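A short reminder: the numbers here are calculations on the coordinates, not readings from a lab. It should be emphasised that the depicted structure is a prediction, and the values quoted were computed from it without experimental measurement. Because the Cβ atoms are built from the backbone with ideal geometry, glycine has one as well, and the counts that use them run over all protein chains shown.
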Amino acid sequence: MTYIPDLLSAVLLVIAFLLLWRQRRSFRSLIPIIAGVVLLMAGRMSDVLVEHAGPAPTIAEDETWRYSLALAGNLSDMAGVLLLVVGFLKTLRFMQQEKKTIQNLGSLLPLCAGCKKYRTPRGNWQPIEKFIIESGGPLPSHGLCPDCLANAQEEIRIMQQKQHTR
C-alpha cells in the first residue's frame, strides 16, 4: 500500500515525459523541460529506493548508502526543478518571438507584382499612391528612375524608327 503514491508519481512523470517528447521537434525550448522531467524521475526513483529499501547489508556500513542515495535524489530534484524553470522561461521567450513574428507578418503590405497596386483589408486593389496618402506619409510625386528612363527612351527610339520606315 505504501508503494501506491510512489508508483502514481512515477507514472505521472513518465506520462509528462512522453507528452513532452512528442512535441520535441516543434519547440527547441522543451529540451530543458524534458531533461528536468528526467531528473525529477531519477530523484523520485532514488527516494523510492531510500524509503522502501530493506536494512543495510552489513552493520559496518552504517547505512551511509541510504544517505548518499538520498543526497543524490535531492540534488537530482533540485536540478530538475531548475531545468523546468529554465525550460518554461525559454518557452515563454519562444512564444513572445512567435507573437512578434506574427505581428510583423500582419503589418506587411500586399502589393501586386505587376502594377504595384496594394490590396486593402476588404480585398480591393488600390494604387500605392492612395495608400501612401491615406497612411499619412509624404505626398508622392512621379518621375522615372534611371533604368526606367533608359527603357522608355529605348521604346521611344524603336517607335520612332517604325514610324520612319512606314
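Annotations for the structure displayed:
- Projecting the Cα atoms of 144, 94, 156 onto the dipole axis of segment 92-166, where Lys and Arg carry +1 and Asp and Glu carry -1 at the beta carbon, places 94 farthest toward the positive end.
- Net charge in the neighbourhood of residue 85 (other residues with Cβ under 15 Å of its Cβ; Lys, Arg +1, Asp, Glu -1) is +1.
- Quarter of the Cα convex hull surface for segment 118-165, i.e. its orientation-mean projected area (nm²): 5.2
- With R₀ fixed at 45 Å, the C-beta to C-beta distance from residue 9 to residue 97 puts the FRET efficiency at about 0.85.
- Given R0 = 35 Å, the distance between the Cβ atoms of residue 88 and residue 134 translates into a calculated FRET efficiency of 0.20.
- Ascending count of other beta-carbon atoms within 10 Å, so fewest first, for 91, 101, 165, 120: 165, 101, 120, 91
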